[in-house]
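The values are calculated or read from the model by the stated rules, or taken from the named source; none is laboratory data. Everything quoted here is computed from the prediction, not taken from an experiment. Heads up, the Cβs are rebuilt from the backbone with ideal geometry, glycines too, and the neighbour counts pull from every protein chain shown.
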């Protein structure tokens, strides 16, 4: 059996200044930052670029603290699945520790973190179109 | 320079065969046995697991020195690097050097390593999978 993962949906690059890291990657790699997000309450500033089917997510604090240098690291990735509830049930049946699916920052998407069975890789599942879109956020 | 896609995500593991079995058992992923194996020059064994248009590359260190061995000693297992496919790796290296980045010369296999000092600490590789187009 398979959880039906179709592709790597996004790779998370964490940084103490996500805007600076996103700008560096955009400039050096010739990629475009498609979306930025600093939602009140999340205490995070996110920037997103897309390389074909994979999103690069640059994640950092909402309020950048003074620093000597920008420090970034690869902090994990997310697999796209067509049915997150079925995928989570499948993983749990194999003894994998998976969090309960919840609304992701991506509109209409549900996300579930995987806490074991990944060889040390912070990994999560995402399903798009799993929730109604918030008013005013059409596809 | 134009980045084309994420070619692969590199993951350092302690035991390659056990990790392949874990990813197969838990996620249903199958390793592509036509690729990978021992790479003595890099002190690793590796395996590729296709996921969509990209691969997961699992690394096991077989040496006491080198980047993979260092990562394994300091952090154990985890996400090690990302590799981005470009149309023309030589042109990409030239472009990045023009921006002040430190980048190694491309290998005969079309791979270039970008210094982590030029990526805010992210381990980033560039790879060219097809011959560059004339004039491109």
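Every residue, every condition in (1) touching a residue at least 60 places away in the same chain (Cβ under 8 Å); (2) over 28 Å from residue B:23 (Cβ atoms), yes or no:
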| site | (1), (2) |
| --- | --- |
| B:65 | no, no |
| B:70 | no, no |
| B:81 | yes, no |
| B:96 | yes, yes |
| B:100 | no, yes |
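Okay, residues lined up against (1) within 11 Å of chain A (Cβ to nearest Cβ); (2) under 21 Å from residue B:48 (Cβ atoms); (3) in a loop (DSSP other than H, G, I, E, B):
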site	(1), (2), (3)
B:74	no, no, no
B:82	yes, yes, no
B:93	no, no, no
B:100	yes, no, yes
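Does any residue of segment B:80-99 turn out to be crowded, with 21+ Cβ neighbours inside 10 Å and farther than 16 Å from residue A:29 by Cα?
Checking segment B:80-99: at least one residue is crowded, with 21+ Cβ neighbours inside 10 Å and farther than 16 Å from residue A:29 by Cα.
Output the residues belonging to segment A:62-79 that are in contact with a helix residue (DSSP H, G or I) (Cβ under 8 Å, 6 or more places away or on another chain) and farther than 30 Å from residue A:119 by Cβ.
Within segment A:62-79, A:64 is the sole residue that qualifies.
Of everything in segment B:3-29, what is farther than 23 Å from residue B:69 by Cα and either crowded, with 16+ Cβ neighbours inside 10 Å or touching a strand residue (DSSP E or B) at 6+ places or on another chain (Cβ under 7 Å) (or both)? Give them in sequence order.
B:3, B:4, B:5, B:6, B:26, B:27, B:29 - these are the residues of segment B:3-29 that are farther than 23 Å from residue B:69 by Cα and either crowded, with 16+ Cβ neighbours inside 10 Å or touching a strand residue (DSSP E or B) at 6+ places or on another chain (Cβ under 7 Å) (or both).
Count, please, the residues in segment B:102-122 that happen to be within 11 Å of chain A (Cβ to nearest Cβ) and crowded, with 20+ Cβ neighbours inside 10 Å.
Within segment B:102-122, residues that are within 11 Å of chain A (Cβ to nearest Cβ) and crowded, with 20+ Cβ neighbours inside 10 Å number 5.
Which of the residues that make up segment A:1-52 are under 19 Å from residue B:1 (Cβ atoms), in contact with a helix residue (DSSP H, G or I) (Cβ under 9 Å, 6 or more places away or on another chain) and more than 8 Å from chain B (Cβ to nearest Cβ)?
Listed by number, the residues that qualify are A:32, A:33, A:49.
Name the one entry in B:9, B:51, B:86 that is at the interface with chain A (Cβ under 8 Å from one of its Cβ atoms), at pLDDT 95 or above and touching a helix residue (DSSP H, G or I) at 6+ places or on another chain (Cβ under 9 Å).
None of the others qualify; the one that does is B:51.
Tell me which residues, restricted to segment A:22-72, are crowded, with 20+ Cβ neighbours inside 10 Å, modelled with pLDDT of 95 or more, part of a helix (DSSP H, G or I) and in contact with a strand residue (DSSP E or B) (Cβ under 8 Å, 6 or more places away or on another chain).
Of everything in segment A:22-72, those that are crowded, with 20+ Cβ neighbours inside 10 Å, modelled with pLDDT of 95 or more, part of a helix (DSSP H, G or I) and in contact with a strand residue (DSSP E or B) (Cβ under 8 Å, 6 or more places away or on another chain) turn out to be A:22, A:25.
Of the conditions (1) free of Cβ contacts under 8 Å to residues at least 24 places away in the same chain; (2) under 20 Å from residue A:76 (Cβ atoms); (3) in a loop (DSSP other than H, G, I, E, B), residue B:30 fails just one. Which one is it?
So the condition that residue B:30 fails would be (2).
For residue B:32, work out the one condition from (1) out of contact with any helix residue (DSSP H, G or I) (no Cβ under 9 Å at 6 or more places or on another chain); (2) more than 9 Å from every other protein chain (Cβ to nearest Cβ); (3) within 20 Å of residue A:124 (Cα to Cα) it doesn't fulfil.
Of the numbered conditions (1) out of contact with any helix residue (DSSP H, G or I) (no Cβ under 9 Å at 6 or more places or on another chain); (2) more than 9 Å from every other protein chain (Cβ to nearest Cβ); (3) within 20 Å of residue A:124 (Cα to Cα), the odd one out for residue B:32 is (3).
Against the definition (surrounded by fewer than 19 Cβ atoms within 10 Å (Cβ to Cβ), in a loop (DSSP other than H, G, I, E, B) and modelled with pLDDT of 95 or more), how does residue B:38 come out, yes or no?
Against the criterion (surrounded by fewer than 19 Cβ atoms within 10 Å (Cβ to Cβ), in a loop (DSSP other than H, G, I, E, B) and modelled with pLDDT of 95 or more), residue B:38 does not qualify.
Quick check on residue A:135: is it more than 14 Å from chain B (Cβ to nearest Cβ), farther than 20 Å from residue B:78 by Cβ and in contact with a strand residue (DSSP E or B) (Cβ under 7 Å, 6 or more places away or on another chain)?
no
Condition (residue is exposed (fewer than 15 other Cβ atoms within 10 Å of the Cβ) and more than 17 Å from residue A:37 (Cβ to Cβ)) applied to segment A:104-114: is it met by at least one residue?
no
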